[in-house]
1. Pairs K80/K114; K80/K105; K54/K80; K57/K203: which exceed 18 Å Cα-Cα?
2. Could you name the lysines whose alpha carbon sits less than 18 Å from that of K141, not counting residues in the same chain fewer than 8 places away?
3. Please give the charge dipole size of the range 1-114, origin at the Cα centre, charges +1 on K and R Cβ atoms and -1 on D and E Cβ atoms. Round to the nearest 20 debye.
4. What whole-number value in Å² describes the accessible area per residue of the chain for a 1.4 Å probe?
5. Show me the ranking of peptides 6-13, 29-36 by mean Cβ neighbours inside 10 Å, starting with the highest.
6. Among the trypsin sites (Lys or Arg not before Pro) in the range 176-206, which ones are in a DSSP loop with at most 13 other Cβ atoms within 10 Å of the Cβ? Mind listing them?
7. Radius of gyration and Dmax for the chain's Cα atoms, expressed in Å?
8. Restricting to the chain, what percent of DSSP beta bridges are antiparallel, rounded to 5?
Amino acid sequence: TVAYYDIETDMTSEEGDPIMTTLVFEDLIHTTILSSFFRGYSNVVERILEMLEKQLKIELPEKKYRLKIELVESMKDLIKKPIDTAHEKQPDFIAIWNIDFDLPKIIGALERQKVDIKDVFCHPRLPPHMRFCKYKKGKTKKVTASGQVKPMNPSEQWHSLLVPASFYFICAMSSYRFIRQGAPEEPDYKLDSILEKEKTGGKLKM
(Lines give C-alpha, C1' and ligand atoms only; values in the text may rest on other atoms or scores of the structure.)
Protein backbone atom coordinates (compact mmCIF):
# COMPACT_ATOMS: atom_id res chain seq x y z
CA THR A 1 0.00 0.00 0.00
CA VAL A 2 1.21 3.49 -0.83
CA ALA A 3 0.56 6.87 0.76
CA TYR A 4 1.55 10.12 -0.94
CA TYR A 5 3.16 13.08 0.83
CA ASP A 6 3.79 16.62 -0.34
CA ILE A 7 4.70 20.02 1.07
CA GLU A 8 4.31 23.63 0.00
CA THR A 9 6.95 26.10 1.15
CA ASP A 10 7.14 29.78 2.04
CA MET A 11 8.44 31.58 -1.07
CA THR A 12 8.91 34.87 0.81
CA SER A 13 11.51 33.72 3.36
CA GLU A 14 15.18 32.84 2.93
CA GLU A 15 14.79 29.38 4.49
CA GLY A 16 11.69 28.48 2.48
CA ASP A 17 10.20 26.50 5.37
CA PRO A 18 7.05 24.41 4.87
CA ILE A 19 3.71 26.18 5.33
CA MET A 20 1.52 23.24 4.28
CA THR A 21 1.85 19.45 4.34
CA THR A 22 -0.47 16.82 2.90
CA LEU A 23 -0.71 13.05 3.27
CA VAL A 24 -3.02 11.11 0.95
CA PHE A 25 -3.82 7.48 1.75
CA GLU A 26 -6.67 5.51 0.22
CA ASP A 27 -9.68 7.86 0.45
CA LEU A 28 -8.19 10.21 3.07
CA ILE A 29 -6.61 13.60 2.31
CA HIS A 30 -5.02 15.01 5.49
CA THR A 31 -3.64 18.54 5.18
CA THR A 32 -2.12 20.79 7.82
CA ILE A 33 -1.47 24.51 7.27
CA LEU A 34 0.35 27.03 9.44
CA SER A 35 -2.30 29.33 10.88
CA SER A 36 0.06 32.32 10.52
CA PHE A 37 -0.28 31.96 6.74
CA PHE A 38 -3.96 32.94 7.08
CA ARG A 39 -3.58 35.66 9.69
CA GLY A 40 -6.45 38.12 9.32
CA TYR A 41 -8.81 35.70 7.59
CA SER A 42 -11.85 34.02 9.11
CA ASN A 43 -13.64 30.69 8.53
CA VAL A 44 -10.52 29.46 6.77
CA VAL A 45 -11.07 25.69 7.08
CA GLU A 46 -14.70 25.93 6.02
CA ARG A 47 -13.78 28.01 2.97
CA ILE A 48 -10.98 25.64 1.95
CA LEU A 49 -13.23 22.59 2.30
CA GLU A 50 -15.97 24.22 0.25
CA MET A 51 -13.57 25.15 -2.55
CA LEU A 52 -11.74 21.83 -2.53
CA GLU A 53 -14.89 19.68 -2.54
CA LYS A 54 -16.24 21.68 -5.47
CA GLN A 55 -12.99 21.37 -7.41
CA LEU A 56 -12.55 17.65 -6.72
CA LYS A 57 -16.05 16.97 -8.06
CA ILE A 58 -14.96 18.62 -11.30
CA GLU A 59 -11.57 16.88 -11.50
CA LEU A 60 -12.53 13.49 -10.06
CA PRO A 61 -16.33 13.19 -10.32
CA GLU A 62 -16.47 9.44 -9.62
CA LYS A 63 -14.05 9.36 -6.67
CA LYS A 64 -14.98 10.11 -3.08
CA TYR A 65 -12.48 11.49 -0.60
CA ARG A 66 -12.53 12.27 3.11
CA LEU A 67 -10.99 15.69 3.64
CA LYS A 68 -9.25 16.58 6.90
CA ILE A 69 -7.90 20.14 6.98
CA GLU A 70 -6.19 21.48 10.13
CA LEU A 71 -4.75 24.88 10.96
CA VAL A 72 -1.80 24.48 13.35
CA GLU A 73 0.34 26.89 15.34
CA SER A 74 3.75 25.16 15.29
CA MET A 75 6.15 23.71 12.73
CA LYS A 76 6.20 20.48 14.73
CA ASP A 77 2.44 20.01 14.42
CA LEU A 78 2.50 21.05 10.77
CA ILE A 79 4.81 18.17 9.91
CA LYS A 80 3.99 15.66 12.62
CA LYS A 81 0.20 15.43 12.37
CA PRO A 82 0.08 13.94 8.84
CA ILE A 83 2.97 11.63 9.75
CA ASP A 84 0.99 10.55 12.83
CA THR A 85 -1.81 9.62 10.42
CA ALA A 86 0.70 7.50 8.49
CA HIS A 87 1.80 5.82 11.74
CA GLU A 88 -1.86 5.03 12.40
CA LYS A 89 -2.74 3.79 8.88
CA GLN A 90 0.61 2.00 8.34
CA PRO A 91 1.07 2.10 4.56
CA ASP A 92 4.03 0.14 3.20
CA PHE A 93 5.44 3.18 1.39
CA ILE A 94 5.19 6.95 1.60
CA ALA A 95 5.93 8.29 -1.89
CA ILE A 96 7.27 11.81 -2.44
CA TRP A 97 7.94 13.31 -5.86
CA ASN A 98 11.56 14.54 -5.72
CA ILE A 99 12.26 13.44 -2.16
CA ASP A 100 15.51 15.42 -2.05
CA PHE A 101 13.50 18.63 -1.97
CA ASP A 102 10.83 17.78 0.61
CA LEU A 103 12.72 15.83 3.26
CA PRO A 104 15.70 18.23 3.65
CA LYS A 105 13.21 21.13 3.88
CA ILE A 106 11.23 19.30 6.55
CA ILE A 107 14.27 18.21 8.54
CA GLY A 108 15.87 21.66 8.37
CA ALA A 109 12.69 23.37 9.55
CA LEU A 110 12.29 20.96 12.48
CA GLU A 111 15.91 21.34 13.53
CA ARG A 112 15.65 25.14 13.49
CA GLN A 113 12.71 24.80 15.87
CA LYS A 114 14.76 22.46 18.13
CA VAL A 115 12.43 19.53 17.37
CA ASP A 116 14.05 16.09 17.41
CA ILE A 117 13.24 14.46 14.07
CA LYS A 118 13.33 11.02 15.70
CA ASP A 119 10.17 11.90 17.63
CA VAL A 120 8.37 12.77 14.40
CA PHE A 121 9.34 9.94 12.06
CA CYS A 122 9.95 6.93 14.35
CA HIS A 123 6.97 4.77 15.17
CA PRO A 124 5.46 6.12 18.42
CA ARG A 125 5.42 2.67 20.04
CA LEU A 126 9.22 2.54 19.83
CA PRO A 127 10.94 3.36 23.16
CA PRO A 128 12.93 6.63 23.04
CA HIS A 129 16.29 4.87 23.54
CA MET A 130 15.71 2.78 20.38
CA ARG A 131 14.82 5.68 18.08
CA PHE A 132 17.05 6.99 15.30
CA CYS A 133 16.51 8.99 12.12
CA LYS A 134 18.99 9.95 9.42
CA TYR A 135 18.59 11.31 5.93
CA LYS A 136 21.06 9.54 3.64
CA LYS A 137 21.81 11.30 0.37
CA GLY A 138 22.59 9.07 -2.57
CA LYS A 139 25.20 9.69 -5.25
CA THR A 140 24.81 12.92 -7.19
CA LYS A 141 27.65 12.33 -9.68
CA LYS A 142 28.73 9.46 -11.89
CA VAL A 143 31.96 8.51 -13.64
CA THR A 144 31.65 7.66 -17.34
CA ALA A 145 33.61 4.90 -19.07
CA SER A 146 36.10 7.53 -20.22
CA GLY A 147 36.68 8.65 -16.63
CA GLN A 148 34.71 11.88 -16.94
CA VAL A 149 32.72 12.95 -13.87
CA LYS A 150 29.17 14.04 -14.68
CA PRO A 151 26.31 15.20 -12.47
CA MET A 152 23.42 12.77 -12.23
CA ASN A 153 19.94 13.88 -13.15
CA PRO A 154 17.83 14.19 -9.93
CA SER A 155 15.62 11.40 -11.29
CA GLU A 156 18.67 9.08 -11.33
CA GLN A 157 19.56 9.76 -7.69
CA TRP A 158 18.40 7.58 -4.81
CA HIS A 159 18.05 9.09 -1.34
CA SER A 160 16.79 7.36 1.81
CA LEU A 161 15.38 8.20 5.21
CA LEU A 162 16.76 5.64 7.65
CA VAL A 163 14.14 5.37 10.38
CA PRO A 164 12.34 2.55 12.21
CA ALA A 165 8.71 2.92 11.15
CA SER A 166 6.00 0.77 9.58
CA PHE A 167 6.58 2.48 6.23
CA TYR A 168 9.51 3.30 3.94
CA PHE A 169 9.92 6.71 2.31
CA ILE A 170 10.47 6.37 -1.43
CA CYS A 171 11.10 8.92 -4.19
CA ALA A 172 8.27 8.56 -6.69
CA MET A 173 10.25 10.42 -9.36
CA SER A 174 13.29 8.15 -9.11
CA SER A 175 11.06 5.07 -8.90
CA TYR A 176 9.18 6.15 -12.02
CA ARG A 177 12.44 6.39 -13.95
CA PHE A 178 14.02 3.26 -12.46
CA ILE A 179 11.23 0.86 -13.44
CA ARG A 180 11.28 2.27 -17.01
CA GLN A 181 15.02 1.89 -17.60
CA GLY A 182 14.44 0.20 -20.95
CA ALA A 183 12.38 3.12 -22.25
CA PRO A 184 13.80 6.34 -23.73
CA GLU A 185 14.68 9.05 -21.22
CA GLU A 186 11.95 11.65 -20.67
CA PRO A 187 12.69 15.30 -21.64
CA ASP A 188 12.20 16.13 -17.96
CA TYR A 189 10.82 14.47 -14.85
CA LYS A 190 8.84 17.35 -13.39
CA LEU A 191 5.60 16.16 -11.86
CA ASP A 192 3.40 18.16 -14.23
CA SER A 193 5.23 16.76 -17.26
CA ILE A 194 4.82 13.15 -16.15
CA LEU A 195 1.18 13.63 -15.16
CA GLU A 196 0.49 15.11 -18.59
CA LYS A 197 2.28 12.22 -20.30
CA GLU A 198 0.31 9.66 -18.27
CA LYS A 199 -2.93 11.60 -18.90
CA THR A 200 -3.85 11.75 -15.22
CA GLY A 201 -5.09 15.35 -15.25
CA GLY A 202 -2.08 17.27 -13.96
CA LYS A 203 -1.76 19.23 -10.74
CA LEU A 204 -4.89 20.64 -9.16
CA LYS A 205 -5.20 24.30 -10.16
CA MET A 206 -7.93 26.49 -8.72
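1. Table pairs above 18 Å Cα-Cα are K54/K80.
2. K150
3. 300
4. Details: 12910 Å² over 206 residues.
Heavy-atom accessible area per residue stands at 63 Å².
5. Numbers: 6-13: 13.6, 29-36: 19.2.
Descending mean neighbour count gives 29-36, 6-13.
6. Details: sites: R177, R180, K190, K197, K199, K203, K205; in loops: R180, K190, K199, K203, K205.
When the trypsin sites (Lys or Arg not before Pro) of the range 176-206 are filtered for loop state and at most 13 Cβ neighbours within 10 Å, R180, K199, K203, K205 remain.
7. Final numbers for Rg and Dmax: 18.4, 62 Å.
8. Bridges in the chain are about 55 percent antiparallel.
The values are calculated or read from the model by the stated rules, or taken from the named source; none is laboratory data. What you see is a predicted model; the values in this text were computed from it and never measured. As a convention, Cβ positions derive from the backbone with ideal geometry for all residues, glycine included, and neighbour counts pool all protein chains shown. These area figures cover heavy atoms from the full protein model, side chains too; ligands, DNA and RNA do not enter into them. Shrake-Rupley method; radii C 1.70, N 1.55, O 1.52, S 1.80 Å.
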